[in-house]
Amino acid sequence: MAKSIPRSSTIAALDVGTTKVACFIAQLGEGGELQIAGAGHHRSRGLRSGQVTNLDEAEASVRAAVEAAEQMSNIRIDKVFLNMSCGTPQSTRVDVEMTVSGHQIRDTDVRRVLDHGSARYDVNDRELIHCIPTGYSIDGGNGILDPRGMYGEKLGVNLHLVTAAIGPSRNLNTVIDRCDLDIEDRVVSPYASGLACLVDDEKELGVTVIDLGGGTTSIAVFLESQVVYVDTLPVGGNHVTGDIAKGLSTPVAKAERLKTVYGSVLQSPADARELLKVPLVGEDDEDSANEVPKSMLVQIVQARLEETFELVRSHLEASGVAKMAGRRIVLTGGASQLEGVRDLAELMLDKQVRLGRPKLIRGLPESLSGPAFSTALGLLRYGLREHVVKPDHAAMAAAKKKRSLGLVGQWLRENF
Ligand SMILES: Nc1ncnc2c1ncn2[C@@H]1O[C@H](COP(=O)(O)OP(=O)(O)OP(=O)(O)O)[C@@H](O)[C@H]1O
Ligand SMILES: [Mg+2]
């Protein structure tokens, strides 16, 4: 297939989720805005709770999604912005200080202090996914957003490091490699979801994004426009389906349908009277289907969601960011479509909750604009930011003539 668009104007996002793989290919418009050129998604196989469990099956799912997006856009992609749900991504906050001997702080000083801080993730079996400066200090005075050009003896930085276990991350890399794709950058899933569905004021004032996926529930806290905490729990909508299948002795596919059509996390008085036909596992005969009150289904769904939000609450409290994060929660991900989930979250987490769909991007088909696509569309937004500050080498050489900042400056712009 011919490459009809220069690579530097194309951004590709790949969300390898537990229930679906989604691939979006976008082009940059003249004004630097995103325009969707192609999209494809395919049911995931060979993944569980965000982790690859079967390389061949996962490869086939990724290939199918990518090929669909390539066909639609007539663009062949060779690198992607990839989400990370595997390897239990975890946040660590690190504060480091280095002497700058009273001279004016330069790009190289900032780079040195950041390198010093990121080298602190000294856990052998984990790798660094993100290194995000959340604030600087000079001689102990905090609240500095950009220290370059200022004077002081000691330069400090507060870093938010996100690490993930190496083993699961290598397995995911292998799948991507087998699909003949390079990874342009990796972004933890809830961070990407936040970029897709939060408005700037929320990110600035403090907000918690909860992405209710199929095999995972992931959390990202944003404050002062930076992501300050991420976490991933190995439980999601598929566990709800599994509970229904077990609780009502029905096949998984029927349980999934019962969940999406009748499922709710809030009981209503009429639920006890409403009877649902529930086919039994192993019985093909429609007549042998059970009749079950809807209240039983709701009870099962409710129990799992209560447990999930309880886990979210305890993780947020243990992280120490619960207070910093403010009173606002945005729920997204496929399972956020369960009826009543917003009210339950409000009740259990004692915050203001809204449902978040990805912000509109030109050319995005309506069918792919739901909350299940927040991560994938957030990857595009992350990619857009990277492309704007990190053009390819040819473009960079041209740009360098115009700009006085060198490569370190490029890197710094990305981090301020
Ligand atoms: N209308 C709906 N009502 C309730 N649940 C739904 C609905 N549509 C999808 N879901 C659930 O959403 C889940 C899938 O969500 P999503 O596509 O965000 O997951 P994923 O990204 O593949 O997985 P993960 O992020 O956990 O790796 C499934 O459990 C599915 O049953
Ligand atoms: Mg997901």
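Tell me the net charge near Asp56. Cut-off is 13 Å between Cβ atoms, Asp56 excluded, with +1 for each Lys or Arg and -1 for each Asp or Glu. Working shown, then result.
Details: positive: Arg45, Arg63, Arg178; negative: Glu57, Glu59.
Residues near Asp56 contribute +1 overall.
Within 10 Å, at most 12 other Cβ atoms, and a DSSP state outside H, G, I, E, B define an exposed site. Report the longest part of the chain free of exposed trypsin sites (Lys or Arg not before Pro).
Working: sites that count: Lys3, Arg273, Lys323, Arg403.
The longest such stretch corresponds to 4-272.
Sort Asp182, Asp243, Asp231 by Cβ crowding within 10 Å, fewest neighbours at the top. Before the final figure, lay out each step's value.
Working: Asp182 11, Asp243 17, Asp231 24.
Sorted ascending by nearby Cβ count, the order is Asp182, Asp243, Asp231.
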>> Rounded to the nearest 5, what % of DSSP beta bridges with both residues in the chain are antiparallel?
In response: 75 percent
> Using modelled amide H (1.01 Å from N, peptide plane; none on Pro or chain starts), what sits under 5 Å from the amide H of Val187, excluding residues fewer than 5 places away?
Replying inline: Leu82, Asn83, Met84
> Of Lys259/Lys359; Lys20/Lys203; Lys203/Lys351; Lys20/Lys259; Lys20/Lys294; Lys154/Lys203, which ones are farther than 20 Å apart at the Cα?
Replying inline: Lys259/Lys359; Lys20/Lys203; Lys20/Lys294; Lys154/Lys203
> Amide H of Gly17: which non-local residues (sequence gap of 5 or more, or other chain) have their own amide H closer than 5 Å, using H built in the peptide plane?
Replying inline: Ala22
>> Name the residue from Ile77, Leu47, Thr99 whose Cα lies farthest towards the positive end of the charge dipole of the range 1-100, charges +1 on Cβ of Lys and Arg and -1 on Cβ of Asp and Glu.
In response: Leu47
> Label Val388 and Arg257 with points 7 Å out from Cα along Cα→Cβ: what is the distance between them in nm?
Replying inline: 4.6 nm
> Quick one: Ser314, Ser9, Ser189, fewest Cβ neighbours within 10 Å first, how do they rank?
Replying inline: Ser314, Ser9, Ser189
> Roughly how big is the chain's charge dipole about its Cα centre, with Cβ charges of +1 (Lys, Arg) and -1 (Asp, Glu), in debye to the nearest 20?
Replying inline: 1100 debye
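Per the helix-only calculation at 222 nm, which mean residue ellipticity applies to the chain, given -39500 (n - 2.57) for every DSSP H run of n ≥ 4 and division by its residues, nearest 500 deg cm²/dmol?
Calculated at 222 nm, the ellipticity per residue is -11500 deg cm²/dmol.
Loop-only GluC sites (Glu not before Pro) in the range 102-192, please: DSSP not H, G, I, E or B, and at most 15 other Cβ atoms within 10 Å.
Numbers: sites: Glu127, Glu153, Glu184; in loops: Glu153.
Qualifying residues, ordered by number: Glu153.
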> Where the centroid of each part is defined by its Cα atoms, how far is the range 266-303 from the range 315-368 in Å?
Replying inline: 28 Å
> Tilt of helix 107-118 relative to the longest C-alpha principal axis of the chain, in degrees (0 to 90, nearest 10)?
Replying inline: 40 degrees
> What angle do you read, to the nearest 10 degrees and between 0 and 90, between the alpha-carbon axis of helix 55-73 and the longest principal axis of the chain?
Replying inline: 80 degrees
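Kindly provide the GluC sites (Glu not before Pro) of the range 1-91 that DSSP labels as loop, not H, G, I, E or B, and whose Cβ sees at most 10 other Cβ atoms within 10 Å.
Values: sites: Glu30, Glu33, Glu57, Glu59, Glu67, Glu70; in loops: Glu30, Glu33.
Qualifying residues, ordered by number: Glu30.
Quick note: the coordinates plus some simple rules give every number you see, no bench work behind them. Owing to the predicted nature of the structure, the values given are computational and were not obtained by experimental measurement. Glycine also receives a Cβ, built like all others from the backbone with ideal geometry; neighbour counts cover every protein chain displayed.
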